[in-house]
1. Mind checking which residues of the stretch 53-65 are within 22 Å of Gly77 (Cα to Cα) and either surrounded by fewer than 16 Cβ atoms within 10 Å (Cβ to Cβ) or in contact (Cβ under 8 Å) with a residue 60 or more places away in the chain (or both)?
2. Here are some conditions: (1) part of a loop (DSSP other than H, G, I, E, B); (2) at pLDDT below 90. Lys22 meets all but one. Which one does it not meet?
Amino acid sequence: MRQQILILMLFCFASVWAQQNKASGTVKGPDGGIAKVSVREIDENRRVFNHTTTDQNGLFSFVVRDAQHSLQFYAPGY
């Protein structure tokens, strides 16, 4: 019985994990990827839900809370 419950819980967590939306991409300028660009997940009221920055090649990736939200990019100097 204990093993069946554990297997059932594992399937529940797997289905929730599989439904997550992921945002990923590359921020590029004329000379290639741009490092340290701020990437935020925001809603219609501009509330921030998740945040990351691009790496040295301009790459970013994170799990978004809601697929209806928008991404906001901020790079000082651009």
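The values are calculated or read from the model by the stated rules, or taken from the named source; none is laboratory data. Keep in mind it's a predicted model, so treat the numbers as computed, not measured. As a convention, Cβ positions derive from the backbone with ideal geometry for all residues, glycine included, and neighbour counts pool all protein chains shown.
1. Initial filter on the stretch 53-65 (within 22 Å of Gly77 (Cα to Cα)): 53-60.
Within the stretch 53-65, Thr53, Asp55, Gln56, Asn57, Leu59 qualify.
2. (1)
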